[in-house]
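Here's the structure, in structure tokens; my notes come after.
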Amino acid sequence: MNARIKYRIGKSTGFKALIIFLAFACVVPLLAILAFIVKAGITKINWNFLTNIPKPVGEIGGGIANALLGSLIIVSIASLIAIPVGVLGGIYLSENRKSRLAYWCALSLDVLQGIPSIVIGIVAYFWLVKPFGGFSALSGSVALAIMMLPVIVRNTEETLKLLPDTLREAAFALGMPFHRVVMKVIVPCGVSGIISGVILAIARVAGETAPLLFTAFGNPYLSASPLKPMQSLPLLIFNYATSPYNEWHDLAWGASLILLAWVLLLNIVTKFTTRRWKVQL
Amino acid sequence: MDTSVDKTVITRRSNSLRVITSIKTPSFVKTNKRLKRSYRQIRTENAFRRTLVLMGLVIVVLVLGILLTLVVQSIPSIKSLGLGYLWGKTWDPVRDIYGAYPFLLGTLITSFLALLISIPFSFSVAIFLGEYYPKGWLPNLLKNTVELIAAVPSVIYGFWGLAVLVPIVRSFESSSGIQPLGVGIFSSSLILSIMIIPYAASLGRSMIQMVPSPLKEGAYSLGATKWEVIRSVILPYTKSGLFAGVLLSLGRALGETMAVTMVIGNTSLIPKNIFSPGNTMASVIANEFTEADKPVYLSALIELGLVLFLVTVVINMVGKKVISRFTN
């Protein structure tokens, strides 16, 4: 082998090593974040942490019960709004691929997906906070629901589009009306794809802070009324992390661990449901 | 069954849409059990179709509503501040001076610096998963882990950045003789660059996997090494796809709020260098929106939101266009 060829092979090997190194370097920050949050958060979590509300500065202890309950309520209401609209919208898009409305709808979804979350917060403020005279959990839910929509619609649409046309045609040939074909044949066949879309959407908005800043606003006390300001996990983390007090930082670390575990769990669940569904098809 | 009566009540306007012409249920339908059932079914079917169309409309109206709200709410600022607002160099709401230039500059610097840092990493992931090792458990693990980077909430990136990254940057700054603040544009770019890796990486991976193998085989048969194939076949072929991935990353970086707000330092001064504190459009909205007490102040912030909206929408649209042209 002459030197030229040796040089080229060496160069190729060198770049391969470089690319492998850089590719695996991406994982390092994620692992660092996970390790740090687990280390900082795990000691803070105990029963009191989960059942108490935050204490004023200077007092030891206190928990994040208000944020846990708030997050649960806000995300639940958001899902209640977004799931029906999103799934039906996805069915519409997969059933009417050529209509003009479907074109505009798909375009709107692309736009919606790209909107920065803070802008959705502004819009929800003007739709639901200003006219009704105060911050409310409901307005936060609406903002989150808007963010969930594109994910749910896209997942539903993509899932249903993958189903073979013969399924649909066989059902129509039996004389089933359209709504029953959709509800009894098409949706059940794609249900795991739809569910994974919904879980993905929930995971996406569960950690969103920006749209809640001007809508749910945060609340240091326990509140279950959707018409009042409400605390949520990401809001609590933001407010306490940027505060100068160590007690509050501790609360924020514990809350971060819970939020992170919850979001990653949802994402991993989605991975498994999608995989199972793909094997079935 | 009397088919002639049937036809007047139930018609087929098109292949797929059956329409009931009369609103009230005719009396003869009520008496005939079979007719009643199919009548009811057609009604439900129509209602279902209408609901579907309604949902499609809701989504379109929602987006138009968002745009309209932003435009309407920023009219006071557009009227009183004019176009010069975007180039105004000072932002001092107390003295009623509004200029968005520091924020535009802050947004541009953080986003492009973040892109610059993240591109080598995201392209490496794309090449590694797309060309070197497309199958196997380790690449699969890498793929899933990189996708998880996008799943971590941005507020947690911000908190981690504040607690871990900012001290590191601060010690670096003090050792190189810059004012050691820690927070600032460089820190937020670092955080952003981690957050946007998955977007360009996953798109680039699928693009690289789509390169036709005859092209690659041709190059191999001419004696090219793996790296030469990547550099002179795969990268030129997937150029536009990789570009689209970078655009999507950029769109994400421009709109990112929380992590940036927490580590950028929040001043309205024009940043002097990449280590000085600043503000981005999104972070200034997050910080000052609830404090804005004057209508013009609020409206000026919303105009920033409108600009952010338009810029990210255009970037995303161009990105999507490039992708669809590439895949077809």
Report summary line: Taking the range B:235-263 and the residues there that are more than 12 Å from chain A (Cβ to nearest Cβ) and among the β-branched types (Val, Ile, Thr), the one that is nearest to B:Tyr133 (Cα to Cα) would be B:Thr238
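Rundown of residues vs (1) exposed (fewer than 14 other Cβ atoms within 10 Å of the Cβ); (2) away from chain A (no Cβ under 14 Å); (3) not aromatic (Phe, Trp, Tyr), yes/no style:
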site	(1), (2), (3)
B:Leu35	no, yes, yes
B:Arg40	yes, no, yes
B:Val60	no, no, yes
B:Pro76	no, no, yes
B:Tyr98	no, yes, no
B:Leu104	no, yes, yes
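Specify which of the listed residues (A:Ser192, A:Ser232, A:Ser256, A:Ser223) is of a type in the set (S, T, N, Q) and in contact with a strand residue (DSSP E or B) (Cβ under 6 Å, 6 or more places away or on another chain). Show your work before the answer.
Details: A:Ser192 fails: in contact with a strand residue (DSSP E or B) (Cβ under 6 Å, 6 or more places away or on another chain); A:Ser232 fails: in contact with a strand residue (DSSP E or B) (Cβ under 6 Å, 6 or more places away or on another chain); A:Ser256 fails: in contact with a strand residue (DSSP E or B) (Cβ under 6 Å, 6 or more places away or on another chain).
The match here is A:Ser223.
Within the group A:Asn155, A:Asn96, which residue is more than 19 Å from B:Ala286 (Cβ to Cβ) and facing another protein chain (nearest Cβ under 10 Å)?
Only one candidate passes the filter, namely A:Asn96.
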Query raised in the report: In the range A:19-42, which residue that is over 27 Å from B:Leu235 (Cα atoms) and β-branched (Val, Ile, Thr) is nearest to the other protein chains (Cβ to nearest Cβ)?
Result: A:Ile33
Report summary line: Within the range A:195-214, of all residues that are surrounded by fewer than 23 Cβ atoms within 10 Å (Cβ to Cβ) and away from chain B (no Cβ under 12 Å), the one farthest from A:Leu80 (Cα to Cα) is A:Ser196
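Of a type in the set (Val, Ile, Thr), within 21 Å of the chain's Cα centre (by Cα) and more than 19 Å from B:Leu203 (Cβ to Cβ), is that true of B:Val260? Before you say what the answer is, go through the steps one by one.
Details: of a type in the set (Val, Ile, Thr): yes; within 21 Å of the chain's Cα centre (by Cα): yes; more than 19 Å from B:Leu203 (Cβ to Cβ): yes.
Yes: the conditions hold for B:Val260.
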Report task. Mind telling me which of the residues A:Pro131, A:Pro164 ends up being free of Cβ contacts under 8 Å to residues at least 12 places away in the same chain and away from chain B (no Cβ under 13 Å)? Result -> A:Pro164
Report task. Would you tally the residues in the range B:94-146 being more than 25 Å from the chain's Cα centre (by Cα), more than 30 Å from B:Trp227 (Cβ to Cβ) and part of a helix (DSSP H, G or I)? Result -> 2
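Which of the residues spanning the range B:269-305 are of a type in the set (Ser, Thr, Tyr) and closer than 17 Å to A:Phe217 by Cα? Full working, then the answer.
Of all residues in the range B:269-305, those of a type in the set (Ser, Thr, Tyr) come to B:276, B:280, B:283, B:290, B:297, B:299.
Within the range B:269-305, B:Ser283, B:Thr290 qualify.
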Requested in this report: Determine if the range B:290-310 includes at least one residue that is surrounded by fewer than 16 Cβ atoms within 10 Å (Cβ to Cβ), within 13 Å of chain A (Cβ to nearest Cβ) and of a type in the set (Ser, Thr, Tyr).
Outcome: yes
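Do any helices (runs of 4 or more DSSP H) lying entirely in the range A:1-95 carry at least 2 residues that are touching a strand residue (DSSP E or B) at 6+ places or on another chain (Cβ under 7 Å) and in contact (Cβ under 8 Å) with a residue 24 or more places away in the chain, and which ones are they?
Details: elements: A:3-25, A:27-42, A:47-51, A:65-95.
Qualifying helices (runs of 4 or more DSSP H): A:65-95.
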Report task. Give the number of residues within the range B:234-273 that are under 28 Å from A:Arg204 (Cβ atoms) and part of a helix (DSSP H, G or I). Result -> 22
Requested in this report: Could you check, for the range B:269-278, whether at least one of its residues is within 25 Å of the chain's Cα centre (by Cα) and within 18 Å of B:Leu70 (Cβ to Cβ)?
Outcome: no
Query raised in the report: Taking the range B:128-178 only, how many residues are hydroxyl-bearing (Ser, Thr, Tyr) and closer than 30 Å to B:Ile234 by Cα?
Result: 3
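Readers should treat all values here as calculations from the given coordinates under stated rules, not as data from a laboratory. All values derive from a computational prediction rather than experimental measurement. Methodologically, a virtual Cβ is constructed for each residue, glycine included, from the backbone with ideal geometry; neighbour enumeration extends over all protein chains shown.
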